[in-house]
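The values are calculated or read from the model by the stated rules, or taken from the named source; none is laboratory data. For clarity, every value in this text was computed on a predicted model and none was experimentally measured. Here Cβ is always computed from backbone atoms with ideal geometry, including for glycine, and neighbour counts include all displayed protein chains. We work out accessible area using only protein heavy atoms, side chains counted, and drop any ligands, DNA or RNA first. Shrake-Rupley method; radii C 1.70, N 1.55, O 1.52, S 1.80 Å.
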Amino acid sequence: QRLGVPLRNGASTVGIISGAYNFGNSLLAPQLGNLSDHHGRRPYLLFSVVVSATLTCCFPFTRRAWAAAALRFTTGVLNASSTVSKAYLADLTNAERGVPASERALLFGYFGAVWAIARSTGSAVSGALTGVSLPLLGIDASANPFITPCLVMSTFLGMVFLVAVV
């Protein structure tokens, strides 16, 4: 209702909004990975976290499905954290650093597992917080059910940014 979508189209709209991030990410992530080869990994990782935190915080204020999909698409286009993180892991685990191929494969496996757990946990927490009000913080989810999960996720991303900077 909040996005102006009839209930009968709700599932497909959720799929489009969710898929918009992955589609956008697949378009530009390789180029951002290449840029990180030339300019360093850190600036692109930090930029990705800032983009994710900022645009996630903006999401609950969209009022149309097309705007929500465009916001998620933009987040995906500008977020290269997965690609650049894998490139950074490759930098740290190459043969010149004395990391055997078997250990490198294991580290990439752990990376994939941690990434999947983080994405799943984030989605589960977001789902659980949808519609939850936080009166002590002045957050009324009855008017905007997505505000709490987006603010919580943005807060976590802000903490990740601070840890990465330090």
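Summary table
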{"quantity": "Val5, sole failed condition from (1) closer than 19 Å to Ile147 by Cα; (2) part of a helix (DSSP H, G or I)", "calculated": "(2)"}
{"quantity": "Residues satisfying the stated conditions in segment 61-86, i.e. of a type outside the set (A, V, I, L, M, F, W, C), over 20 Å from Met153 (Cα atoms) and without any contact (Cβ under 8 Å) to a residue 60 or more places away in the chain", "calculated": "Thr83, Lys86"}
{"quantity": "Complete set of residues in segment 1-60 that are open to solvent by less than 40 Å² (accessible area, probe 1.4 Å) and without any contact (Cβ under 8 Å) to a residue 12 or more places away in the chain", "calculated": "Gly10, Gly19, Gly40"}
{"quantity": "Pairs where the first residue, in segment 87-111, is open to solvent by 70 Å² or more (accessible area, probe 1.4 Å) and the second is assigned to a helix (DSSP H, G or I), C-beta under 6 Å, 6+ apart", "calculated": "Tyr88/Arg41"}
{"quantity": "Residue list for segment 37-86, filter: over 30 Å from Asp140 (Cβ atoms) and of a type in the set (Lys, Arg)", "calculated": "Arg41, Arg42, Lys86"}
{"quantity": "Qualifying residue in segment 105-116 (condition: under 29 Å from Asp140 (Cα atoms) and not aromatic (Phe, Trp, Tyr))", "calculated": "no"}
{"quantity": "Residue tally, condition more than 12 Å from Pro60 (Cβ to Cβ) and surrounded by 15 or more Cβ atoms within 10 Å (Cβ to Cβ), over segment 117-155", "calculated": "2"}
{"quantity": "One residue from Thr148, Thr93, Thr130 being farther than 26 Å from Gln1 by Cα and of a type in the set (Ser, Thr, Tyr)", "calculated": "Thr93"}
